Amino acid sequence: KDIEYIRSYYYNKLEYTRFSSSVGKFVGFTEYGVRNAEYWNNNPSILSNMKAQKEVYCLNNVQIDYRAAL
């Protein structure tokens, strides 16, 4: 429950869009990023794919990372 999947998009060291699994949608930080976020949030296949990444990537690897940390 305390695991969060974040995917950020950068151009010239400037973050323009971010997906956060705790928010459940894309957020834009620049004019270009806001347009991308609106498009991606209105596309159910892209949004469901990003929401599934937490389960696919994070939850499958958390035990490996946890054991390595101990």
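The values are calculated or read from the model by the stated rules, or taken from the named source; none is laboratory data. Since we're looking at a predicted model, the values are computed, not measured. All Cβ positions, glycine included, derive from the backbone under ideal geometry; neighbour counts span all protein chains shown. These accessible areas exclude ligands, DNA and RNA; they are computed on the full protein's heavy atoms, side chains included. Shrake-Rupley method; radii C 1.70, N 1.55, O 1.52, S 1.80 Å.
Hey, can you tell me all the residues within the range 14-32 that are under 15 Å from I3 (Cβ atoms), surrounded by 13 or more Cβ atoms within 10 Å (Cβ to Cβ) and not hydrophobic (A, V, I, L, M, F, W, C)?
S20, S21
Tell me yes or no: at least one residue of the range 33-42 is of a type in the set (D, E, K, R) and open to solvent by 90 Å² or more (accessible area, probe 1.4 Å).
Yes - at least one qualifying residue is present in the range 33-42.
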